[in-house]
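FYI, it's all coordinate maths here, none of it is from the lab. Note that the structure is a prediction, hence the values are computed from the model and not measured. Cβ placement follows ideal geometry from the backbone for every residue including glycine, while neighbour counts extend to all protein chains displayed.
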Amino acid sequence: MLSTALARLGKGVGGLQVILFAGTLLTGGIIVYSFWLILATLCFWLIRVENILVIFQSMYEAGRWPMSLYPSWLRFALTFLVPIAVATTVPAQALSGRLHWQTFAGMIGLAVVMSVVSRIFWRIGIRHYSGASA
């Protein structure tokens, strides 16, 4: 699908664009994984977390479409509250040559911060977990 879209646009893809695409795809994966880990860690304290996971899954589905389709309040939510837009839109910008270096740097920073926060949150959860039979 990606190659068909690029062919229809009539644009060539340079080496830098491919590298930025791979980098943003990787950091987007880290961001989504970290967010999922934070939600899953809530299972240590909350009983009915699956409702939260269903809501996140719906947000994840909304991230499949370009953010310009949505109203500004939903774009804000999908970018800053649930960072799906960053993980899906920025790689497309990188491949099409519309990615700014500030956006790429911000995405790397967000991936690092979310990785660290999710790991700390997971370790706190493990430390306080007493088990189902305790």
**Request:** Excluding VAL82 itself, calculate the net charge of residues whose Cβ lies under 14 Å from the Cβ of VAL82, where each Lys or Arg counts +1 and each Asp or Glu counts -1.
**Result:** +1
**Asked** FRET efficiency for THR4 and HIS100, Cβ-Cβ distance as r, R0 = 30 Å, nearest 0.05?
**Response** 0.70
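Dividing the convex hull volume of the Cα atoms of the chain by its residue count, what figure in Å³ per residue is obtained? Please list the in-between numbers first.
Working: hull volume 16.3 nm³, N = 134.
Per-residue hull volume (Cα only) is 122 Å³.
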**Message:** Going by average Cβ density within 10 Å per residue, which order do the peptides 63-73, 101-111 take, highest to lowest?
**Reply:** 101-111, 63-73
